[in-house]
Amino acid sequence: MVKNSRTYQFPSKPSIVSTAVAVGPLEKESPFHPHFDHVYEDERLGQETNEKGHSQLIEDTCNLAIMKGGFQLPDIDLFLGGDLVNQMTPTNFAARQLATPYMGMFSACATSISSLITASFFLETKQMDRILFGAASQHNAVERQFRYPIEYGTQKPPTGQWTVTGAGYGVLSHNQVGKPFVQSATIGQVVDCECTDPLDMGSAMAPAAFDTIQRHLAQNKGTSYDFVMTGDLGKTGSAILQELIKTSGVSSYLVDQYRDAGAEFYGNNDKFLSGASGAGCSATVYLGPIYAELLAKQYKKILLVATGALLSPLSFQQGESIPCIAHAVELSME
Amino acid sequence: MKKFGLLSCMLLLLAGCSDEKPQVSIYHVDDDQEEVEMLKEVFHDNMKISEASGVFFDHQLVVSLQVEPLSKFSKEKIANSIEKEVKSLFPDHEVFVSSDLKITWELKKIIEKQPTEDALKKDLDELRALAKENT
Amino acid sequence: MIFSVITAFIVGGLICVVGQLLFDVAKLTPAHTLSLLVVIGSVLDGFGLYEPFIDFAGAGATIPITSFGNSLTHGAMQEAEKHGFIGVLTGMFEVTSSGISAAIIFGVVAALIFRSKGKVS
Amino acid sequence: MDPNSYQQTVDEIAPKRPVLKNCLKAFVTGGIICSVGQLISYVYMYFFSFTERTASNPTVATMVFISMLLTGFGIYKKIGQFGGAGSAVPVTGFGNAVISAAIEHKSEGFILGVGVNMFKLAGPVIVYGTFSAFVVTLIKTILVKMGVISW
């Protein structure tokens, strides 16, 4: 198979000028929680349904990201975002409240990065000035759609992951000194290794992440990163990805400088099995702690690879395997 | 795994206790000891029975029995064979045999009360109706 | 009586182990596993084995979902014995099944009084 | 990447389900639930006019009631994560499947939500229980009519 190994550069160096991260009550247990702007005490944010709560979470976080950047709603030229619920209604409904120009994005749990890549391209055209991007997920709304009712007593295997309640949004604008900027990006191809277990997403997504990392590194030879961080492979998936990197020998230095947001999200709490997942997982970690550390110049150059499993309950029941995707973005700080 | 061992030991132990003769209590309204002894023999001969009660009354005979725990699988069969045996012993009686725990309890209560003939008839009719229910 | 509780524990537990093996080794979903167990219960009753099994294990045999299959088949067979082929259709829910009606009733009641709380503590 | 060799990698690295431990947990959980059922049936036999045979119906109903409380207060899903099949196979698990779906879909209203989705998870049990009962009884009835076996 011939691989299209294009990596895109962004000479105008669009900067992430502000971010906001909000999470649900359980995410307090995360070691990252000092970097979250807001922790809601109620999973539903006081709303009637989980979906309304989900929508409210997105709306509040978007407003916070705009406010933190010192902007007003009319300053935003475009809102790019998505979530995992049917037809992305929570994001659509939040966009209704925000009343900005809006395009929904869906790359499952990789939406945080796919929206950032898209935003970077739009900014490169110089026709827009500020783009709001990000992703969110809400545990209850996602679980009930993809798996079972919340109160159903089913046993999750050790490969199972826990959908995060959280939203991470940022504002991307023209280059600004002292803010992290997007250097380059690789758009993922859909990879399917015929995994079928919906309770083992990490194994399904690892080859997609590997593929994208491989392609990105091939085009950026000589670049060294402080670390590469995948989205939500979890403990299982990240172990497999490390093995893939090791055996392929692409760039062995990566093995040590590799992190995964999902595996780190809940620390070493066994209750969460293989770790965190969901569109909100990568969005909150990338735009929360990682962004803060970039701002503090702890790191100079990192590669963020968000992964997404492109399945639906219907496709799983019809016996389809789980195709996956991973998008990569290189963030720099000068 | 220890649990399995322990439980199987208990099973063997309990099964080993079945050498004793069954507990039998029989009440005869007319106090005919000959008939009582005849019925007792039936139970004593059967090693699988752990507990039995019987009430004689106006050419009727109501019997309840409990079988040894490990023979419970064939409880129905044992009850049927006892029923046949009792019927051949008392051909002029209307015989009713049940192996239900509830019937055993109720029959024991009746025997303790040593009731009069009229009260007995009412109680026993209720008991038989109960035993015939399916659901 | 104590002995009956122990038998119920062991037999009920063993049926659940069968279910667990279907989960973990055969990798069946809960819905597949439970459907299979119900069919097994129904077939066992066809051979007349489930009723003695209940005599032996008590709640160990009536509480697991296999007893659903048994009571459905049992009702159908009782009617079929009385009324022939028509009974096969009409008797199905004759003996069944407080489990289904209780689940429906308490399901609606639960929907009235509870709402899903969401998270592990 | 070759799917077959990749599946081998997954098999090597992904944590296995602890089958033996799970079975033991299922045994204990299922055993306890059935013992509770046995004790409840004694209560029905001792204090009410139920026989061994007839006590199983109110017992099952009571177990489903208990399951409703445990489901509503969010306890059953914890039992489920611990006990696996031990809490799914007993009738309480059937109750949990129905009741959790009913609670979950309350947000879509009582007809389209609760009514439509109540048997989303537990439906197959009733469908295939009924269908297999039909097939089994039909075969048996035919065999009896042919004189091969008797009732």
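Distance in nm between label sites at A:Met67 and B:Gln33, each 7 Å beyond Cα in the beta-carbon direction? Output for this residue pair reads 9.9 nm. Per residue of peptide C:37-47, the mean number of Cβ atoms on other chains within 10 Å of the residue Cβ is 6. Charged side chains reduced to their Cβ positions (Lys and Arg at +1, Asp and Glu at -1) give chain A a dipole of some 880 debye around its Cα centre. Taking packing as the residue-averaged number of other Cβ atoms within 10 angstrom, the listed peptides A:300-306, B:76-82, B:109-115 run from highest to lowest as A:300-306, B:76-82, B:109-115. For segment A:181-332, the spherically averaged projection of the C-alpha convex hull amounts to 8.8 nm².
Counting only other chain Cβ atoms within 10 Å of each residue's Cβ, the peptide C:80-93 averages 3. Take every pair of alpha-carbon atoms less than 8 Å apart whose residues are at least six positions apart; their mean separation over the length of chain C yields a relative contact order of 21 percent. Each residue of segment B:84-98 is assigned a 3J(HN,Hα), and the resulting list reads 4, 4, 5, 4, 6, 6, 10, x, 8, 9, 8, 9, 9, 10, 9 Hz, derived from the Karplus form 6.51 cos²θ - 1.76 cosθ + 1.60 (θ = phi - 60°), x at Gly and Pro. For the chain pair D and C, the interface hides roughly 6000 square angstrom of accessible area in total, found with a 1.4 Å probe.
For segment D:22-34, what does the Karplus curve 6.51 cos²θ - 1.76 cosθ + 1.60, with θ = phi - 60°, yield as ³J(HN,Hα) per residue in whole Hz, taken in order and with x for Gly and Pro? Computed from phi, the couplings for segment D:22-34 are 4, 5, 5, 4, 5, 4, 5, 4, x, x, 5, 4, 5 Hz. For A:Asn220, no residue whose modelled amide H falls within less than 5 Å of its own remains once neighbours fewer than 5 places apart on the same chain are excluded. Could you state the angle between the C-alpha long axis of helix D:3-13 and the longest principal axis of the C-alpha atoms of chain D, as a value from 0 to 90 degrees rounded to the nearest 10? With both axes taken from Cα atoms, the answer is about 80 degrees.
Directionally averaged projected area (chain A, Cα convex hull): 15.8 nm². With a cut-off of 13 Å between beta carbons, the residues surrounding B:Val86 carry a summed charge of -4, where Lys and Arg count +1 and Asp and Glu -1. Computed over the Cα atoms of segment B:65-121, the ratio of the radius of gyration to the Kirkwood radius (Rg/Rh) comes to 1.03. Counting only heavy atoms of the protein chains and using a 1.4 Å probe, C:His83 has close to 110 Å² of accessible surface. Computed about the Cα centre, the dipole magnitude for segment A:1-88 is approximately 660 debye when only Lys and Arg (+1) and Asp and Glu (-1) carry charge, each at its Cβ. How much of the accessible area of the protein assembly as shown, in percent, comes from carbon and sulfur atoms when a 1.4 Å probe is used? Carbon and sulfur together cover 59 percent of it. Projecting the Cα positions of C:Ile113, C:Ser35, C:Thr66 onto the charge dipole of segment C:2-113 (unit charges on Cβ atoms of Lys, Arg, Asp and Glu, taken about the Cα centre) puts C:Ile113 furthest along the positive direction. For the peptides A:69-75, C:21-27, the ranking by mean Cβ contacts within 10 Å, running from highest to lowest, is C:21-27, A:69-75. Relative contact order of segment A:292-334: 53 percent, from C-alpha pairs under 8 Å at least 6 residues apart in sequence. Helix D:91-104 and the long axis of chain D differ in direction by around 70°, with both axes built from C-alpha atoms. Placing pseudo-labels 7 Å out from each Cα toward the beta carbon at A:Ser248 and C:Ser101 gives an inter-label distance of 6.2 nm. Taking the three principal axes of the alpha carbon atoms in segment A:127-169, the coordinate ranges are 51, 20, 14 Å, sorted in descending order. Which whole-number percent gives the relative contact order of segment A:181-332, counting Cα pairs below 8 Å spaced six or more residues apart? Over segment A:181-332, the number comes to 38 percent. Among C:40-47, A:173-180, C:66-73, the peptide with the highest mean count of other Cβ atoms within 10 Å heads the list, and the full ranking is C:66-73, C:40-47, A:173-180. Between helix D:56-72 and chain D there is an angle of about 30 degrees, using the helix long axis and the longest principal axis of the Cα atoms.
Dipole check for segment B:20-132: with +1 at the C-beta of Lys and Arg, -1 at the C-beta of Asp and Glu, and the Cα centre as origin, the magnitude is about 720 Debye. In units of the compact-protein estimate 2.2 N^0.38 Å, segment C:9-121 shows a Cα radius of gyration of 1.25. Rank D:Ser56, B:Ser64, B:Ile78 by how far each Cα sits towards the positive end of the charge dipole of the protein assembly as shown (+1 on Lys, Arg Cβ; -1 on Asp, Glu Cβ) and give me just the farthest. The Cα lying farthest towards the positive end belongs to D:Ser56.
If you take the alpha carbon atoms of the protein assembly as shown and fit the smallest convex hull around them, that volume is 179 Å³ per residue. Counting only protein heavy atoms and a 1.4 Å probe, the protein assembly as shown has 41 square angstrom of accessible area per residue. Stokes-Einstein diffusion for segment A:91-245 at 20 °C, viscosity 1.002 mPa s, with a Kirkwood radius from C-alpha pairs, works out to 120 µm²/s. For the segment A:183-195, counting C-beta atoms of other chains within 10 Å of every residue's C-beta and taking the mean gives 2. Note on chain A: dipole from Cβ charges, positive end direction compared against A:Pro289, A:Val250, A:Ala108; the farthest Cα belongs to A:Val250.
Helices of chain A meeting both criteria, an alpha-carbon length of 20 angstrom or more along the long axis and an average Kyte-Doolittle score not below -0.5, with helices taken as full DSSP H segments, are A:201-219, A:234-248.
The values are calculated or read from the model by the stated rules, or taken from the named source; none is laboratory data. Remember, it's a predicted structure, so these values are computed and weren't measured experimentally. For neighbour counting, all protein chains shown are included, and Cβ atoms are generated from backbone atoms with ideal geometry for every residue, glycine included. The protein model used for the area step is the full one, side chains on, heavy atoms only, and it has no ligands, DNA or RNA in it. Shrake-Rupley method; radii C 1.70, N 1.55, O 1.52, S 1.80 Å.
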